[in-house]
Amino acid sequence: MNQLKAMGEANRFRICMMLLEKPLCVCQLLSGLDIAGGTLSNHLKILKSAGLVEQRKDGKWIEYFIADSRAEDFIRSAGSYLSDSALIVEDRRRISCSNRESCSTI
């Protein structure tokens, strides 16, 4: 799947914009999105397949982050048209206050 198509879905766009702020675990992403865990997993799979997002294991967490500088440039460019939307601003606020230690442990 190409990068533009991957970001063409609203929740995937929001995920990318959140990951521009900092790497996040699934529980942090879910806290801001009104979607099920399985749906988030599918969105992350699509974003990874498009080369926009990568993951790494950090202790008991799997952390997602923007894949590389090329992906970051693409997301910033695409997001520049909507980066001031109320939803994106609220996502940024929520993410800036979140930390994975506040997530429930499994």
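Positive end of the dipole of the chain (Cβ unit charges, origin at the Cα centre): among Ser49, Leu24, Phe74, the Cα lying farthest that way belongs to Ser49.
Note on the chain: with a GNM built from Cα contacts shorter than 10 Å, the maximum mean-square fluctuation among Ser49, Ser31, Ser69 falls on Ser69.
Per residue, region 5-106 exposes 56 Å² of solvent-accessible protein surface, assessed with a 1.4 angstrom probe and all protein chains in place. At 1.4 Å probe size, with the rest of the protein present, what percent of the exposed accessible area of the chain is carbon and sulfur atoms? C and S atoms contribute 51 percent here. Annotation for region 43-106: trypsin sites (Lys or Arg not before Pro) lying in DSSP loop with at most 14 further Cβ atoms inside 10 Å of their Cβ are Lys60. Annotated for the chain: lysine pairs at least 8 residues apart or interchain, Cα distance under 20 Å, count 9. Applying Stokes-Einstein at 37 °C and 0.692 mPa s to the Kirkwood radius of the chain, computed over alpha-carbon pairs, gives a translational diffusion coefficient of 238 µm² s⁻¹.
The values are calculated or read from the model by the stated rules, or taken from the named source; none is laboratory data. Source: prediction; values computed, not measured. Neighbour counts run over all protein chains shown; Cβ positions are idealised from the backbone, glycine included. Only protein heavy atoms, including side chains, enter the accessible area calculation; ligands, DNA and RNA are left aside. Shrake-Rupley method; radii C 1.70, N 1.55, O 1.52, S 1.80 Å.
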